[in-house]
Amino acid sequence: MAKARVLRPKPPRASSRRLLGFGGLGIAAAAYVGVDYLRYLSPAWHDWLQPALWAALALAAAARAPFYRYWSAELRAALPFLGSIAFMLAAFLCEAISVRFVSAVMGLQWHRSAAPLPDTGQWLLLSLNEKLPESIVNLLRAHVITLHHYLMLFIMLGFSVLFDCIKAPGLGIATRYMFTMAIGRLLRTITFVATILPSARPWCAEARYRIPPHPHPWAQKYYVPYASDSNAIRRVITNDMAYAAVQAYPDEYRPDWGRMSFLVDILRPTPGEGPSWYHLLKKASGGCNDLMYSGHMLVAVLTAMAWTEAYGGWISVAIWLLVLHSAQRDIRERHHYSVDCVVAIYVGILLWRMTGFIWSARDASRARRLAKLDEVQSRLLHAAKDSDIDEIRGLLKEVELAGQEKQGFSQRAILAFAAGTIIFTLSCVLLAFTMTNDG
């Protein structure tokens with residue numbers, strides 16, 4: 001009898017997400033960015049079109065939700081998703097404390113006198129302004145896309161799972177996005193705390209903060225005596241010990257924050273800044289030192305990486321072009337030095353590549369079917385030689401079942417979770433746009 005030929009399962013045919021690859025989601029994303037930019041071109045049209053667009057997208061998602069096939073997978077991804085939220089919030093808290101520290105530790109007088117670092121990227125953009133046509137320069141200066149746009153583009157990508165535009169579960173890619181964001185924020189915090197760099201905008205600290213004019217006691221002892229005297233620097237290097245006498249400075253203000261009083265030395269509060277440490281952190285904003293690397297660019301790059309892996313197509317190329325536009329505008333407007341944007345781009349790419357174990361666009365079910373097929377291949381060959389049709393059917397059934405997700409949840413639990421997820425997410429988006437500046 002001729003040797004039986006074992007056929008591997010064929011990959012699934014192109015689904016609706018491939019049919020939508022050139023339109024659908026990409027057009028919705030482009031429309032969102034374009035309509036929002038109308039605020040500068042035609043505010044009247046913007047005020048009418050933006051609510052209409054968001055209402056249409058929200059209704060489409062709500063109408064599609066009852067027919068979504070992967071709610072059980074979303075329910076399994078819920079706990080990691082909540083864990084990633086907690087991790088990201090902890091990272092943001094750590095970052096906010098550190099931003100306030102580096103902004104206050106040197107004192108207001110240092111911010112006034114510290115010169116910005118020489119930045120060849122800024123020089124290049126200024127030289128291009130002299131050589132490029134005015135229309136191109138105006139396009140480079142335009143606020144086409146900002147931080148909240150990138151966040152909303154990712155939310156749109158996550159919701160597109162309802163239309164089979166990306167691989168389920170949607171909470172899986174959201175978990176990866178927030179986990180990667182948290183890691184990136186922690187690395188950023190370590191980086192900008194390690195070496196304090198002067199801001200590219202010297203007036204920032206005086207306009208934004210109420211910090212003491214003199215340096216922190218730590219800086220008084222370990223930095224100020226050795227900041228400009230080359231002989232003192234040489235001596236402290238040789239002795240490896242702080243030796244200079246500390247000048248007389250005013251005493252530090254020390255409010256009673258109870259159990260959180262240990263933050264007084266880090267946050268350097270001043271009278272009138274609020275009754276608790278939390279009020280100081282709400283004012284931390286983006287800081288007034290140069291924070292290596294750019295947090296805004298990290299968000300932009302992670303959004304672009306998510307779109308590239310999960311969806312691809314022309315819209316992913318367009319998002320990457322917008323990332324580059326955002327980078328040059330951050331440098332042009334001196335929110336960051338060029339190095340901050342360059343580092344954020346390659347750190348974001350590398351971090352996203354490293355967290356593929358959380359969620360990946362690859363078809364895991366197909367991989368499980370192939371692994372099961374390899375496992376039963378010898379038994380399948382024996383069954384074929386023996387012309388045992390029932391055994392062949394049973395083995396192929398095992399292969400097919402290996403690629404299916406286990407349910408494990410009742411239909412009622414899945415429906416309740418689906419309704420809660422849609423209502424909660426849409427409510428958060430609505431509150432973000434009504435209670436903050438553009439989300």
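The values are calculated or read from the model by the stated rules, or taken from the named source; none is laboratory data. Computed from a prediction, not measured in an experiment: that's the story for all the values here. Cβ placement follows ideal geometry from the backbone for every residue including glycine, while neighbour counts extend to all protein chains displayed. All accessible areas refer to the heavy atoms of the entire protein, side chains included, with ligands and DNA or RNA removed. Shrake-Rupley method; radii C 1.70, N 1.55, O 1.52, S 1.80 Å.
Structure above, values below:
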| read-out | value |
| --- | --- |
| Length-normalised contact order of the chain in % [C-alpha pairs under 8 Å, at least 6 apart] | 25 percent |
| Cα-based equivalent ellipsoid, segment 267-394: semi-axes from gyration tensor eigenvalues, Å | 54, 21, 11 |
| Cβ-based net charge around residue 340, under 12 Å, with every Lys or Arg adding one and every Asp or Glu removing one | -1 |
| The chain, helix-only ellipticity at 222 nm - DSSP H runs n ≥ 4, -39,500 (n - 2.57), divided by all residues, nearest 500 | -21000 deg cm²/dmol |
| Cysteines without a disulfide-compatible neighbour (Cβ-Cβ under 4.7 Å), the chain | 94, 165, 341, 428 |
| Farthest positive-ward along the chain dipole, Cα basis, beta-carbon charges - from 179, 428, 394 | 394 |
| Peptides ranked, highest mean first, by Cβ atoms within 10 Å: ranges 146-155, 294-303 | 294-303, 146-155 |
| Solvent-accessible area, 1.4 Å probe, carbon plus sulfur percent, for the chain | 64 percent |
| Residue 241 - accessible surface, heavy atoms, 1.4 Å probe, Å² rounded to 10 | 130 Å² |
| Listed residues 348, 184, 34, most fluctuating in the chain (Gaussian network, C-alpha, under 10 Å) | 34 |
| Cβ-based charge dipole, segment 116-223, positive-most Cα from 125, 137, 205 | 205 |
| Positive-end residue of 156, 231, 376, charge dipole of the chain with Cβ unit charges | 376 |
| Net charge over other residues, Cβ less than 13 angstrom from the Cβ of residue 91 (K, R count +1; D, E count -1) | +1 |
| Exposure rank, largest accessible area first [398, 273, 206; 1.4 Å] | 206, 398, 273 |
| Cα gyration tensor category, rounded, prolate or oblate, for segment 183-301 with a/c compared to 1.5 | oblate |
| Dipole magnitude of the chain, debye to nearest 20 (Cβ charges: Lys/Arg +1, Asp/Glu -1, about Cα centre) | 1040 debye |
| Radius 15 Å from Cβ of residue 329, net charge of other residues (Lys, Arg +1; Asp, Glu -1) | 0 |
| Where Cα atoms sit under 21 Å apart: lysine pairs in the chain separated by 8 or more or lying on different chains | 11 |
| Candidates 277, 257, 110, ranked by Gaussian network fluctuation over the chain, Cα under 10 Å, top entry | 257 |
| Sequence ranges 77-87, 336-346, ranked by mean other-Cβ count within 10 angstrom, highest first | 336-346, 77-87 |
| Mean-position separation - Cα centroids, segment 104-129 and segment 275-330, in angstrom | 21 Å |
| Cα principal axis extents for the chain, largest first, Å | 97, 58, 48 |
